[in-house]
Each structure stands twice: as structure tokens, then as C-alpha cells.
Amino acid sequence: MSDKDRHSPRQGDVIEWRRLSTSRSSPWRPALVAAIIGLLLSLAGAYAVGKWEERVAKLEFEAVAETQTIIMQNGISEYTSRLLALRTLFESANEEISRSEFEAFSDRLFEHRPGILRVGWIPRINRKERTEYEAAAVSDGISGYQIKSLAANDAVTTAPQSDEYFPIFFSTEPKTSRVYGLDYSTVPERWVTLERARDNNLITALRAKLYETNDGIHPLGVLVCVPVYVKGTSRTLVIDRRRNLAGFVVGILSLPQLLQSVRDTMAATAAVSISVYSPEAYRKVKAGDQAAPDFSSDHQSPQSRLAIASSLTWSGTLTIGDISWKVLATPATNGRLITHYDRALTVLAAGIVITTFLAIYLSLAGRNSRRLADANRRVLELAQTDILTGLPNRASFLDRLENVNARERMYGESFSILMLDLDRFKNINDSLGHAAGDTLLQQVARRLRSALRETDFLARLGGDEFAIIQMGSDDQQSASINLAARISKLIGEPFSLPGHRVEIGTSIGVSMAPLHGSDQEQLLKKADLALYRSKSAGRNCFTLYDEAMSTELEARFTLESDLRDAIALCQFELHYQPFFDILSGHRRGFEALVRWRHPTRGLIPPDQFIPLAEESGLILPLGEWVIRRACNDAASWPSDTKVAVNVSPVQFKQAELFDIVQSALHNSGLPAQRLEIELTESVLLERAAETHTLMEKFKRIGISLALDDFGTGYSSLSCLTAFPFDKIKIDKSFIGRLTAHQNSSAIISSIVTLATGLDMSVTAEGVETIEQLEILRVLGANFAQGYLLGRPVPFDDVDDQSYSSRSRTNVA
């Protein structure tokens, strides 16, 4: 056996796990066998009873469905028989039937029959009779009656001369209806239906669009044709029928209304859902396509072969004339004909109960040992596993690191520690909620597992922090770099959360043993230092530890300690830089700028300590001091002079910020209208709803808001429309290039135009030359601030001088 095999951390774990698994399963074996056999018998019995219940339910369902179909067919036959009665009226009369007689007979015949939309009489008219019939219709009150033909585009025109016509002469439609005079012989599909009825002396039907529209749509109806022959003539042969044809009685049926009225009249059961399909629609359904039925008693009726195949169905036919419609019946949802498997469930429940009691009885002997084993296993899992991701936790990581470090000292095996911190995770957790954050952590854990070898160890230390122990590589440094690069690329790919697609990154710090030492705590500290360097370098990158990081950390700790002392000893002071109205030359206010007067290093500018204050949280007490001091100083200035105070993004998230500002105004006596709060775009990128609410509260009490360093971020335009700013401060980088680059002038002009349209004022920062000032005046900027007009000075040196007098002095 090799050294590597002898000291492998996995082999003993596997043997121990098998031993524990065997000892844990042995007490359960009799109960498990009994439970399996009992469950199989219960399932078999329940299955047999369930099949019997299905057969009974199917027979009952088919009987009910067939009965419902017969009822609907009888209702249809009753309608067609009434059309035959109209035929009898024409064939038995000795004289021609008048329009009034037809209308009266039809009204009585189809009274309380909502399934019939209209009834008409189509006489056979030859060329010589055309004028006579048209005149007769006009005298009956049908204004402008003419025999008309239907074009391909549904346009109605006067029918051309022909040997025969078959127009609608009588109808139950209002006399203003456009159907009067419509020659059915000019409509191919309708003429074929009439010919079929004439030649075979039978009732024919056609499913077709109606001429009368409903809200601009031609609804579907069923045209039923009944041939009428001259009284007393022969109709034995086809030639006789053609020669002796007098005309047709036609009825337009609404199949849904007809069938629904029949079902309502006969009190049809709701336990069966009936769908009636035309032949064309039924072929589509059988082919697996979706098609709407002509009638459905239930909106949930099957529309495709998949729906039909997945439920109990019965099919039959309904006949109207010489056309058949397909009937599909299914049990109504939650109806009494649905197979509920009550008896099967009873058999299954009884079998499970008996099996459960038997299994409990057999397992009592091993109960104590089982509980003890489960408790030990649960305690071990809780102590060593992160519940959310299923990864080892911090305790497990430290235990494994101690073992790996011991092997390094004993056998000289090198290894690396990779500390990972997710970038922008807090933004996602705050904006999308903790549930989305938990899902993201689980997905990150799965991706990290996929990037590792079996010999690598991955753990979640807490929050969005992960750690990896990598070992077993010939070139540990190259292996660590490759792994870190692979993880950075993998985590940088988009993640899919419910309803969102997000992108994050990961910052990685790497320390290696024995290159960076063998002490466990020191290795972790150095990996943390490298991680901090990665986060400071812009995130989504990795850094290998070097000794310079310790020196930087020590200097940072010293500066942070000095900063805490400075806040406690009040070593800060405010300097004020004026800003002027460009047109009038009057000074409008001062911007408060904090300075740190260090006892040994002198005056320290804000860019050297503000970032550290934000990271350490010291910006909160420092920012509160700045607000209160600025309000106190400004209270002694003239009433038309404002004071502008910068508020850090960290400070703006502070719940008590509004109360602090109100308290500072109250204690100093400074009117809220003289205070201006300056924000950068980074404040607006997180917690947008809460930020907007706080800004509105400031606005309501009279405080004005300015967007500082405009143009240096990437969300400026959206910020201007989404948040209630009063002023835009153009970053000094644009002003510095104003005279050298024409593009800067165009950009500033656009910003001024945009601000004017949004009712905002514009302040230009960093004005250092008269030429820059004159250009800004021409471009329409409102205010200017910079060394040309006044440098930041302590409170005691603030004067009343306007920039116009300064400018004249400088020019002179």
C-alpha cells in the first residue's frame, strides 16, 4: 500500500459509513419486509377494486351519454318535422300561399323554438316571371326587392338574366333584411344542397356562414332544405322531381341554441359534458389538432386527441337532414359519473392501516437503537453541514483544514486555500428577496461543485462566503490559478431565478502552504487579505497573497484607528467653497467640504479617508457631525445663502437620516429651504423605492436635492426622470475639457437643455478660467463653482465677494 492510499481521508470514511449503515438498517429489516409485502397486497387489492369501479362507472356513463344523445336527436327531429309541416302547407294549398299566411303559420309553428333563426320560402321562378315576382314583393312591403346574386367577396349585386332563379321570397326576417331576393342558385355550396334535396326528395343540410352579421362577424348556422313539388305531380323519378319542383322551404338553425334549448326543456343531467363536432372539426380532433365544437355543454370539453385519450369518452352521432355531427361525451368535472375510487381507497386505507400496525409492532424491538442512531446522525449533520446548500459548514471546513495541515507538516504535501466572496449578492438579496437569494446560493454551490475534483474540499462559511481546500497537485500555484480562473468564469455566467435573470461575480483570495506558512490561522488570514485585495481591485477577479498585503493591512488598521480617534476628539473641520449665479454674479451659497486635521500628518483631503469611513461604518457619526455643523454655520449667513452638504450612499441608507436632518435644522434655526443635499448616482442603484420615499420626505419640508458628479455614471437619464431632483451638478471632468474639446461643449449644452425641460437648474463644477465661465454663460448654465470663483476656505474666512468683482480683479 502506498503512502497516498494509507493516508487517504476517504477510505476509512467509506468503511465507517457502511458499518453504520448496516447497523442502522438491521433493526428495520423485519418491519421493512412486512411493510413492503403488506403495501404490495394493499395496492393489488385496491387496483382490482378500482378497475371494477371503473367498469361500473363506464357502463353508467355510456348509458347516460346515449340517452342524452337520443334526447338531442329527438329535439332536432322535432324541428325538421315542423319544416315538413311548412312543406305540407305549400303542397296541399289550392291557391298560392300569401306572405301573411306564410308568416303567421311559421310564427305559430316555431313559437318558443329558439333554435330556429329564420324560415324562408324559395320559389322556382323562370325568366318571364321575374318581373312579376319582384313587383309582388315590393307591393308586400319589401322596399326595393330585386333578385340578387352573391359575388365571391360577399358583395350583393342584381342577378343577371337567367332561365331560372331561386331567390328568398318569403322569410321570417324583418322586411329590411338583406337576405330578401338572394338567389341561392348563385351560391355554389347552397345550390348543391338544394339540388341534393330536389333530386333525392329528402331533407338536406349545410353547415355554413350566415349572410346576416353579428357585430361584423358572420356566425355559423345550419341550413336545412326541404323540397316542395307542384301539387298532384309525380316525383317518382329524378327527372319528374326536377320537372315538377315548385321551390324549397329552408330553415336556418342555430345548433348551439337548438341543442341547449332541448337540454333545458328535457332537464338534461349535468353529469355528462356533451360536445358536438362538425365532420371537419372531428377529423382535426382525431388527428390531434385543436378544433372548437359547434356545441358544448361544458367549457372544459375535450378539444384534442390528447384530451380525449386522457379521459372516459363516448361517441355517437346527431343527424340533421343528410349530414351527421359527431357527439363526444365525457363525464363532467367533479360530476357523479366520475370514477371516485371510494371502495378502492377504502381497501387501500384498510390495508395500509393493518400493514402499519404490523410494521410498528415488528419495529418496537429496535426502537431505542434506531432513535439513538438517528439522533447521532442528525447532530453530526447539523454540526458539519450547511442546511441551505448541503455543503460542509465552517466547523467542517476548519476540521478538514486541520487534518490537511497536519498531513502537510508530516508528509510535505502542499495545498491551497481559496476564499470566495460573491459580488453584488447583497443587491440581489435586497431587491428580489431572501427567497431569491437562497435560490442563488444553491445554484452557486452546484456550479462550484462542478468545477472541483474529488480531492478538493468545498464549504460554505456563511452568508455569501465560500472556501475551497485544493490539494494533490504537482504545481500547486498553477493549479490554484487555473481553478480560480475557472471559478471566476463559471460564476460570472448568468443565473436563472424565478422571473429574473441575474449576473454576479466572485472575488477570490488564495494562500498556499507551505509557500505562505504552515500556521492554520495565518493561512486563513492571508487568504482573507488576498480576498480583500480582489474586492478592492474591482471585484470579479482573484488574487494570490503576497507580503505587501500585510503591510497595507497594517497601514489600513492604523488609519482606521486614527479615524475613530479623530471622530471622538473632533479633529474634523468644514471648509466652504462658494457657488455663484452666472448671470447676476451674486453668490448663492457654499458647498460644505470636510477636512481631517491629523495631529501628525496635517490636513488630510476627503478622498483619503472617506472610502475607509464608508467601509468601516464610521461615515455615520462623521456624516451626522457634518450635517449639524454645516447647519449651525449657515444659520449665521445672509438669508439668501444656501449650504450644500454631500451625503454618502452608506449614510443615505441610515433609517434615522431624516430625523437627524430635521434635528439639525431645528437646533440651528436654519430654514429647510436653505439646505441642499447632494447625492451621487450610486445612492440610487440600490433600494430605489426606499430612496425615492426618503427623497420625497426631504422635498416636502423644503430641502432641495442635487445630483452630484453628473455624467460619470451610467444611469443618469433614468435618475433624472425617476427621482425628484432640483439641480444637476456637471462633473468637473467635462469643464476641464471645455475649451480643448468641442464634444464637451456639445455635451454640456445637451445637459442644460435636458435640465431646462425637466425644470432643474445646472451647476458647473471645476471652473478655473474666465474662458470656461464665458462659455458656460453662453450655454445657459445657471451656477458655477471652482477655483476661479473661490477656493474652499474655513468658516472664519468666508466673505461676501461676488465672482464678478473677482473676475475683474483677475483680468486686471
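The values are calculated or read from the model by the stated rules, or taken from the named source; none is laboratory data. Since the model is a prediction, treat every value here as computed from it, not as a measurement. Using ideal geometry, Cβ is built from the backbone for each residue, glycine included, and neighbour counts are taken over all protein chains shown. To get the accessible areas, we keep the full protein, side chains included, count just its heavy atoms, and leave off ligands, DNA and RNA. Shrake-Rupley method; radii C 1.70, N 1.55, O 1.52, S 1.80 Å.
Output the residues belonging to the stretch 483-501 that are surrounded by fewer than 18 Cβ atoms within 10 Å (Cβ to Cβ) and of a type outside the set (D, E, K, R).
Passing the criteria: Ala485, Leu490, Gly492, Pro494, Phe495, Ser496, Leu497, Pro498, Gly499, His500.
Being without any contact (Cβ under 8 Å) to a residue 24 or more places away in the chain and more than 23 Å from Leu620 (Cα to Cα) narrows it down to one of Asp528, Asp565, Asp546, so name that one.
From the options Asp528, Asp565, Asp546, the qualifying one is Asp546.
Restricting to the stretch 149-181, and then to whatever is open to solvent by 40 Å² or more (accessible area, probe 1.4 Å) and assigned to a strand (DSSP E or B), can you tell me which residue is nearest to Glu132 (Cα to Cα)?
Per the criteria, the residue is Glu164.
Kindly indicate whether any position in the stretch 277-295 is touching a strand residue (DSSP E or B) at 6+ places or on another chain (Cβ under 6 Å) and modelled with pLDDT of 85 or more.
Scanning the stretch 277-295, I find at least one residue that is touching a strand residue (DSSP E or B) at 6+ places or on another chain (Cβ under 6 Å) and modelled with pLDDT of 85 or more, so the answer is yes.
Which residue out of Ala537, Ala527 is over 16 Å from Arg409 (Cα atoms), among the aliphatic types (A, V, I, L, M) and open to solvent by 20 Å² or more (accessible area, probe 1.4 Å)?
Ala537
What pairs can you find where one residue is in the stretch 282-293 and free of Cβ contacts under 8 Å to residues at least 12 places away in the same chain, the other is part of a loop (DSSP other than H, G, I, E, B), and their Cβ atoms are less than 8 Å apart, with a gap of 6+ or different chains?
Lys284/Gln290; Lys284/Ala291; Ala292/Gln303
Which of the residues spanning the stretch 590-609 are in a loop (DSSP other than H, G, I, E, B), open to solvent by 30 Å² or more (accessible area, probe 1.4 Å) and farther than 27 Å from Arg674 by Cβ?
Pro599, Thr600, Arg601
For residues in the stretch 439-482 being open to solvent by less than 10 Å² (accessible area, probe 1.4 Å), among the small types (Gly, Ala, Ser) and part of a strand (DSSP E or B), which is farthest from Leu531 (Cα to Cα)?
Looking at residues that are open to solvent by less than 10 Å² (accessible area, probe 1.4 Å), among the small types (Gly, Ala, Ser) and part of a strand (DSSP E or B), I get Ala459.
Give the stretch 739-753 a look and list any residue that's in contact with a helix residue (DSSP H, G or I) (Cβ under 7 Å, 6 or more places away or on another chain) and closer than 26 Å to Ser704 by Cβ, or say none.
Ile747, Ile748, Ser749, Val752
When only residues in the stretch 502-524 that are free of Cβ contacts under 8 Å to residues at least 40 places away in the same chain and part of a helix (DSSP H, G or I) count, which is most open to solvent (accessible area, probe 1.4 Å)?
Glu521
Suppose we keep only residues that are in contact (Cβ under 8 Å) with a residue 12 or more places away in the chain and in a helix (DSSP H, G or I) within the stretch 378-397. Which one would you say is surrounded by the most Cβ atoms within 10 Å (Cβ to Cβ)?
Phe397
Conditions tested, residue by residue: (1) over 25 Å from Leu210 (Cβ atoms); (2) at pLDDT below 90; (3) not in a helix (DSSP H, G or I); (4) not acidic (Asp, Glu).
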site	(1), (2), (3), (4)
Thr80	no, no, no, yes
Glu95	yes, yes, yes, no
Arg113	no, yes, yes, yes
Gly120	no, no, yes, yes
Lys128	yes, no, no, yes
Thr131	yes, no, no, yes
Ala136	yes, no, no, yes
Tyr145	no, no, yes, yes
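Out of the residues in the stretch 427-438 that are touching a residue at least 40 places away in the same chain (Cβ under 8 Å) and open to solvent by 20 Å² or more (accessible area, probe 1.4 Å), state the one that is nearest to Asp546 (Cα to Cα).
Asn427
Residues Asp240, Asp264: which one is surrounded by fewer than 23 Cβ atoms within 10 Å (Cβ to Cβ), within 49 Å of the chain's Cα centre (by Cα) and without any contact (Cβ under 8 Å) to a residue 12 or more places away in the chain?
Asp264
Can you give me the number of residues within the stretch 631-676 that are within 24 Å of Pro611 (Cα to Cα) and among the basic types (Lys, Arg)?
Number satisfying all stated conditions: 1.
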